1. How big is the dipole moment of the chain about its Cα centre under a simple scheme where the beta carbon of each Lys and Arg is +1, that of each Asp and Glu is -1, and everything else is neutral? Debye, nearest 20, please.
2. Kindly state, to the nearest 0.05, the FRET efficiency for Glu158 paired with Glu37, given R0 = 45 Å and r defined as their beta-carbon distance.
3. Name the most mobile residue of Pro73, Pro98, Pro135, meaning the one with the largest mean-square fluctuation, in a Gaussian network model of the chain with Cα contacts below 10 Å.
4. Could you give the length gained by full extension between Met173 and Ser109, i.e. 0.36 nm per residue of separation minus their alpha carbon distance, to one decimal place?
5. Sort 22-30, 5-13 for me by packing, meaning the mean count of neighbouring Cβ atoms within 10 Å per residue, highest on top.
6. With each run of n ≥ 4 DSSP H residues scored as -39500 (n - 2.57), what mean residue ellipticity at 222 nm is computed for the chain after dividing by its residue count and rounding to the nearest 500 deg cm²/dmol?
7. How high is the relative contact order of the chain, in percent, counting Cα pairs under 8 Å that sit 6 or more residues apart?
8. Mind telling me which of Glu158, Glu143, Glu19 comes out most flexible in a GNM of the chain, alpha-carbon contacts under 10 Å?
Amino acid sequence: MTEKQQQILSSAQKLFALEGVAAVSTARIAKEAGVSEALIFRHFGNKQQLVEAVVKAGLAAKSSIVNGALHSPDPLSLVHAVLSIPADVTDNFDRFLPWVAHLRAVRESSMVISSDSFVRERLVWAVLEIGHGRPEAVAYTIERVLDQAVELGFIGEEDDAINLCLGLRELLMNE
């Protein structure tokens, strides 16, 4: 990706995360990026393709953040680490911005939220080892709660984010 493409993508991520996709025009993204609107269309084709690039980059950012918590050989430690991720949002706003932009773009564009297969496999393994039935459904729930908690933390609702994760941990691990 060129420097200009990265500027455009970063500006779109920031604006989508803060205001949503529908509220942001390509002209506004161009202004934020310090480029012409025509350059957006040259690099990304149209707004929908830019949204798709934001979704793809956001999924990669999410996977990168979550993957760091998935290497524990102990299933309880793994789940604990994953559900502790939202506590870092306030202190690492820029790191979580692509993830939140991804969530807003997916929701507003009615796209299907895809999951990183490694993340899903490790969560299913941990849930199965802990002894819960329907590990795929529980792993899906962990991922959705994690998404919701990250978004809550991003908008300044840290207490709600942390309580959401603490409640799920309590249900999963009887802490």
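1. Working: 16 positive and 23 negative charges, 165 e Å.
Magnitude of the dipole: close to 800 debye.
2. Details: r = 36 Å, r/R0 = 0.81.
According to the calculation, E is roughly 0.80.
3. Pro73
4. On the way: separation 64, 0.36 × 64 = 23.04 nm, distance 3.50 nm.
19.5 nm is the gain from fully extending Met173 to Ser109.
5. On the way: 22-30: 15.7, 5-13: 21.3.
Output ranking for 22-30, 5-13: 5-13, 22-30.
6. Numbers: 9 runs with 131 residues, N = 175.
It comes out at -24500 deg cm²/dmol, rounded to the nearest 500.
7. On the way: 201 pairs, mean separation 42.7, N = 175.
24 percent.
8. Greatest mean-square fluctuation among the candidates belongs to Glu19.
Where a number appears in this text, it was derived from the coordinates with a stated rule and is not lab data. What you see is a predicted model; the values in this text were computed from it and never measured. Please note: Cβ atoms are built from the backbone with ideal geometry, for glycine as well, and neighbour counts cover all protein chains shown.
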